[in-house]
1. Relative contact order of the stretch 243-373, please, whole-number percent, based on alpha carbon pairs below 8 angstrom and at least 6 residues apart.
2. Give me the dipole magnitude in Debye, nearest 20, for the stretch 275-352 about the Cα centre, with unit charges on the beta carbon: positive for Lys and Arg, negative for Asp and Glu.
3. At 1.4 Å probe size, what's the solvent-accessible area of residue 243? Round to the nearest 10 Å².
4. Would you please name the GluC sites (Glu not before Pro) within the stretch 270-330 that are DSSP coil residues with at most 16 other C-beta atoms within 10 Å of their C-beta?
5. Would you pull out the residues with amide H under 5 Å of residue 7's amide H, same chain only if 5 or more places away, H placed 1.01 Å from N?
6. Could you list, in their original order, any pairs among 220/341; 3/156; 19/62; 2/44; 79/138 whose Cα atoms are separated by more than 25 Å?
7. So which chymotrypsin sites (Phe, Trp or Tyr not before Pro) in the stretch 179-277 are both in a DSSP loop and have at most 14 other Cβ atoms within 10 Å of their Cβ?
8. To the nearest 10 degrees, how steep is helix 322-334 against the longest Cα principal axis of the chain, on a 0 to 90 scale?
Amino acid sequence: MKKILIAINFDEGLYNFRKELLERLIAEGYEVHVAVPIGEYAGKLTAMGCILHDTPLNRRGKNPLAELSLLRGYSDILKKVRPDVVLTYTIKPNVYLGFLCGRRQIPFITTITGLGTAVEGQCLLQKFTKALYRCAMKHARIVFFQNGDNEALFTKEGIAAGRHRMLPGSGVNLAHFTYREFPEDDGQTGYDTKAEFLFISRVMEEKGIEQFLDAAEAIKAKYPHTTFRILGFLEDDYTGTERLKRLADSGVVIFEGSVADVGPYIAAAQCTLHPSFYPEGMSNVCLETAASGRAVITTDRSGCRDTILDGETGFLIRERDSADLIQKVEKFLQMSYDERKAMGRKARAFMEEHFDRRIVVERYLQAIREITE
């Protein structure tokens, strides 16, 4: 039986966005091992048939002893499992296992799910991280990207040239995120509209929460029957907690915190606002919203712009530009109810044509077969 080792930094992300790949690998007869920090989704992964290897990992940690321990842990897992191919996601698994697999001549496939602030830019840390990637990817069989800007950066930096392939993000499970009937609004536009807007993300400045709050304040003052709802957990370093609490207490926004299933909330809303300026791979928030038949207003940057047709399935805004976001939300509100509904239907069709998760699964299976057969 062929063995696959998958390494990632977060078990929830693995389960929510790559469950279908895991299921398919197991169904195809592969023995699937997962190196991941054990969290609340460990039981679900084990129940699927995955063999878990706990690898404590601090996504933002820079403690040399902790990083050395992680590297040693990955090395021990490779010796124990002896995988036929390794799949890695996120920066630390990509880099550390890239080095280890290269030394041991173990075939590995890397996926760039977004480069993060540790790579984008020209400061010393970012230059160092690019150098690490350049060395770690020397022996990668395939490097998958989720957007063209990330691939262009790797090409410019001379990282794994000639082994690049593209994915439509993580794709979206169209059977789970089905088209949701558009919420009733009594056909109202303008002042009387009851349209609801969502923010679905970790609550952090880079995801555009401040721009969302700015829009909520401005739009609620002019369109008092609208609703602005926030789904996501507060990051420890978010500095706007007091403002968020004040706006929640006054009814300008509704803060739900982290929720297990965003589907019912998307169904009740007409549009998701995703004013992120974080270095996204491909925004799953935008994909899931569009698959549910709802419009998206998001940033004109890589990983966000790819998910919509500007003016047809949503609107693009400038980065960190609250005024532009407010203008686009008002433009959406001035559309007729039927126009908003049609925008959502076109969003669903766009997902069906280009972002079906089955496309992603097939491309991984094809890559694995090229290596193992």
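The values are calculated or read from the model by the stated rules, or taken from the named source; none is laboratory data. Model, not experiment: these values are computed from the prediction. Counting neighbours? That spans all protein chains shown, and the Cβs are built from the backbone with ideal geometry, glycine included. Accessible surface areas use protein heavy atoms only, side chains included; no ligands, DNA or RNA. Shrake-Rupley method; radii C 1.70, N 1.55, O 1.52, S 1.80 Å.
1. Numbers: 156 pairs, mean separation 28.1, N = 131.
Once normalised by length, the contact order is 21 percent.
2. Numbers: 12 positive and 13 negative charges, 36 e Å.
Dipole magnitude for the stretch 275-352 comes out near 180 debye.
3. 50
4. Values: sites: 280, 288, 312, 319, 330; in loops: 280, 312, 319.
In loop regions of the stretch 270-330 (DSSP not H, G, I, E or B), the sparsely surrounded GluC sites (Glu not before Pro) are 312, 319.
5. Excluding prolines and chain starts, which carry no amide H, the hits are 35, 87, 88, 89.
6. On the way: 220/341 22 Å; 3/156 34 Å; 19/62 30 Å; 2/44 22 Å; 79/138 21 Å.
Listed pairs above 25 Å: 3/156; 19/62.
7. Details: sites: 179, 191, 197, 199, 212, 228, 233, 238, 255, 265, 277; in loops: 179, 233, 238, 277.
Filter output for the stretch 179-277: 233.
8. 60
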